[in-house]
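Below: one structure, written as C-alpha cells.
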2 protein chains.
Amino acid sequence: MSEPAPSLPAGFQFSGVACGIKASGKKDVSLIVSERDVVGAGVFTKNQIVAAPVLLCKARTPSETIRAVVTNSGNANACTGQSGMDDAVTMCQQVAAKVGCDESQVLVMSTGVIGQPLPMDKIAVGIEQAHDQLSNDHESFLSAADAILTTDNARKMVQRTVVCGGKSYEIAAMAKGAGMISPNMATMLAVVLTDAPLESTQCQTMLAKAADLSFNRVSVDGHTSTNDTLLLLSSGQGEPLSGEPLQDFVDQLNDLCIELAKKLVADGEGATHVMQVHVHGAADDSAAELIARTVAASPLVKTAITGGDPNWGRIVSAAGYAEAKIDPTKTTLKICGQAIYLEGVPQSFDAAALSKKMKANVDVEIDLQVGLQSGKATFWSSDLTTEYVTFNSEYTT
Amino acid sequence: MSEPAPSLPAGFQFSGVACGIKASGKKDVSLIVSERDVVGAGVFTKNQIVAAPVLLCKARTPSETIRAVVTNSGNANACTGQSGMDDAVTMCQQVAAKVGCDESQVLVMSTGVIGQPLPMDKIAVGIEQAHDQLSNDHESFLSAADAILTTDNARKMVQRTVVCGGKSYEIAAMAKGAGMISPNMATMLAVVLTDAPLESTQCQTMLAKAADLSFNRVSVDGHTSTNDTLLLLSSGQGEPLSGEPLQDFVDQLNDLCIELAKKLVADGEGATHVMQVHVHGAADDSAAELIARTVAASPLVKTAITGGDPNWGRIVSAAGYAEAKIDPTKTTLKICGQAIYLEGVPQSFDAAALSKKMKANVDVEIDLQVGLQSGKATFWSSDLTTEYVTFNSEYTT
C-alpha cells in the first residue's frame, strides 16, 4: 500500500506499539506528543452511557495547553465504573510523567470491548515503550495510526497541505471505526493535527461544525457508541488565523473530515458499497439531513444497494416516513444519475443496465429532490450484507 | 395445521380466491361482506407516500354504514398516480354492484409490488368469483385470511370469545405482514371483526389506542410501508357497549391486537427469534416506548440475539442513544430473567448457560430498568439474519 507523504504538522511526535491488549499481537497503544503546549478541541459521543476516557477528555477540552494524546485499542474502558475512571487518569499520569507535564494536559482515548477492566500492567509497559519510540517521521505517524485500529481492515488517514491567506500549513489526521459504531468491538475515534495557528474556542466551534458535516453524516449501523471521540490539536504559533484565511482553513477542515469519515463507511463491517444520499428541496438543511439519514439507514434500501437493485419504491417510501416533510407529488429520484421517479410518477428505464452500473461501482449515488424549499444535505452509508450479520452474530462472550 | 375454531362474529361472510395477480397461483383476492350496515374504523400508515386504497379508506372511516372489505395481494397499488386511485374506486364499485350497496360503503386494501398498475381485468374476475363463494363458515374465513398474504410463511389470525358485562361476543381477526414493513413485497394489513355492538367514533378511538399498543410496537426492519392498514368492523346491533363492559372489550381488543402483531414479528423475513423488550423506570410511557424501540431496532442488538449472544454492552449502549433520558448509574438489565448489569455495574454470570437458553427459545426477553420514573412499555422485534439480507438483496427488477 503506498501512502501519500507530505510533511507532517510541525511540533508533533508519534509512536504506536503492541503491549498485548489485543490477543492478535497487533499494535494497541498509540501516542502523540507535542514539544510544547498546543491548542486542543474535542467532539464526543452523544450517548448517555459514556466511557471513562470520554468523560475525562470532555472536561479537558477546549484547551490551550494540551501536550499529549494516548490511545489504547482492544478495550473500550466503558461501563467500568469508578475503577475505569481511575485507570483513565492513571494512563494520563503515566504519560505526563514521561513527557514532563501535568496529567491534566494529557487526553486519553480507548476503543474495543465494553465492560472489561483495562490490563493496566500491560498498558504501563506500552506507554513506556511508546514514549521511547516517539519520532516525528512518517513511519511513526503510520504506527500511531495503526495502533488505534480494531476491526478495521484498512488504516484510515488523510494528510493535506492547505493554503490559508497565502501561507501554507499541514494537516494530518487518523481515524478508526468499521462500524460507525459497534460498541462491542469498534468505536469511532479520530485525531486531526495541524500546525495552523488557531485559538481554542475557535477550534472547538469549527470542529463541532466539521463533525456535523462529516462524522455525524456517516452510518454503518446507526448504533452510537459509548466512546466516539474526535480531537483537533493545533501546534501553530503566533497570531491565530482570522477572517478569510480562517475561512479557508475551515473549508479545508470540513473537506478533510468528510474524506476521513467516508473511509469509515467504505471499511464498514461487511460493506461492499457506499451509498451517497443527496437530498435537495427540503424545508431546510436539517430536514434534508433527516430525510437523507432515514433513507441511508433503511435496511431495505441498504440490502437493495447490496444486490445492485434499483428498487426505487424502497427509497421513496423511506423518504416518506422520515420525520421531515416532503411533497410526494414533486418527489424526484435519480440513482447513479438515472432518473427513475419524476414528480411522483415512475419512469421507464433500463433496469438491467442500471443494475449493472450499481454493481460495478463501490459508490452508489442516490439523488432525491423532495419538492419543497432549498434545504440540502448529503449522508453516507454502507450497504448491509450477510457478512455484516455473520460477523456481528458470532458468539463473542 | 390445526386452527382454533370458535364461532365467527355474526353477520359476516367471507371468501378468498386466486385470480392470477400472483404468478404463484396462490389466492390473491379476499372479500368480507356484511349482510347489513356495520360500524367501521381504520388506522393507517403514517408514511407521506400513501397508496391509493389507503387514501380511499381514510376518507371512508369511521363509518356506521360499511358493507364490505375487498383486498388484493400481489400488487400494492402504490405510487400509481390518478389511474391507481381510479382502479381502487373501480374495485369498490365492482363489489358494491354485487353486494347491492353504494361504492362508498366498500373499503379496499392492496398489498404487494409498488409502482405497477393493477391488472384490473383479472381483479374483476376475482371479485366476481369471490362474491359467488361468500359463506359464513370457518373454511371461508381461512380462505379470506390466506388471500391477503404475500411473503408470509404462515397464515395470521386470532379468534376469541370475549365476555363484556355478562354477555359474550365473538372477535375474529386476520393479518398479513412479514416485514412489519417491506414496501416492495409485503406490507402490513389487518382486519378485526366483531359482533359486539360499538359506536363508530368509539371504535375509531379504541382502534387507534390498540394499534399504538400492538402494531405500532412491532418491527421487523423499521421501514414504514405505503399501505399499512388496520380495520375494525362491528356488526353488533342494539345499544353500543359503554362503561365497564366497554372497558372489558377494549382490554380484550388490545390483547388480541398484541397477539396478532406478534405473529407478524414471529414470521418476520428471515427471523429466528422474537425479542420482547420491556422498559421500566422511564420518565413516562412514551419515553419508555422510545427506549424500547431504539433497543429493538439496533442491528447490533438484533444480530446478538440471532447469535444467542448475551452481549449486554450493545443493549445498554442502545438505550443510551435513545432520544429519551435514562439514568446510567441506575440502569439494570436482565436477559431471559438473568441479571447482567445492575445499577450501572456489570455482573458476573454464566454466559454459556445463558447463551444456550437464548438459542433454545424463540422468545428472548430483554428487561431494562432505566432508573427514573414509572414509565413503561414493551416492544417486539425480530432478529436480523443472513436470510433477511439475502432475501432482500436479491435482484427483483
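Quick note: the coordinates plus some simple rules give every number you see, no bench work behind them. The structure displayed is predicted, hence computed values, not measured ones. In this analysis, Cβ positions are derived from the backbone assuming ideal geometry, glycine residues included, and neighbour counts consider all displayed protein chains.
Remarks
- The protein assembly as shown: Rg to Rh, with Rh as the Kirkwood radius over Cα pairs: 1.03
- Per-residue mean of C-beta atoms belonging to partner chains within 10 Å, peptide B:379-392: 4
- Pairwise centroid distance, computed over Cα atoms, of segment A:333-397 with segment A:101-144, Å: 40
- Separation of the alpha carbons by more than 28 angstrom is noted, of A:Lys58/B:Lys46; A:Lys359/B:Lys156; A:Lys58/A:Lys262; A:Lys46/A:Lys356; A:Lys263/A:Lys357, for A:Lys58/B:Lys46; A:Lys359/B:Lys156; A:Lys46/A:Lys356.
- Distances in nm from B:Lys58 to the matching label points in the other copies, shortest first (labels 7 Å along Cα to Cβ): 4.1
- One residue of chain A places its C-beta nearer than any other to the axis carrying A onto B; that residue and its whole-Å distance are A:Thr386, 2.
- Top of B:Gln48, B:Gln247, B:Gln13 by mean-square fluctuation, Gaussian network on chain B, Cα under 10 Å: B:Gln48
- Distances between copies of B:Gly166, taken at a point 7 Å out from Cα along the Cα→Cβ vector and listed shortest first: 9.9 nm.
- With its label point put 7 Å out from Cα toward Cβ, B:Lys325 sits 3.1 nm from the same residue's point in the other copies, in order from shortest.
- For the protein assembly as shown, the share of DSSP beta bridges that are antiparallel, to the nearest 5, is 70%.
- Its Cα gyration tensor gives segment B:12-266 an equivalent ellipsoid, and the semi-axes of that ellipsoid, as √(5λ) in whole Å with the largest first, are 26, 20, 17.
- A straight Cα-to-Cα reach below 12 Å connects B:Lys376 with the aspartates and glutamates B:Asp284, B:Asp285, B:Glu289, B:Asp367, residues fewer than 8 places away in its own chain not being considered.
- Inter-chain shielding of A:42-49 (mean C-beta neighbours from other protein chains, 10 Å cut-off): 5
- Under 17 Å from the Cα of B:Lys122 - lysines, other chains or at least 8 residues apart: B:Lys22, B:Lys26, B:Lys27, B:Lys98
- Gaussian network model of chain B, Cα within-10 Å springs - most flexible of B:Met174, B:Met206, B:Met120: B:Met120
- Take each residue of peptide B:79-91, count the partner chain Cβ atoms within 10 Å of its Cβ, and average: the result is 1.
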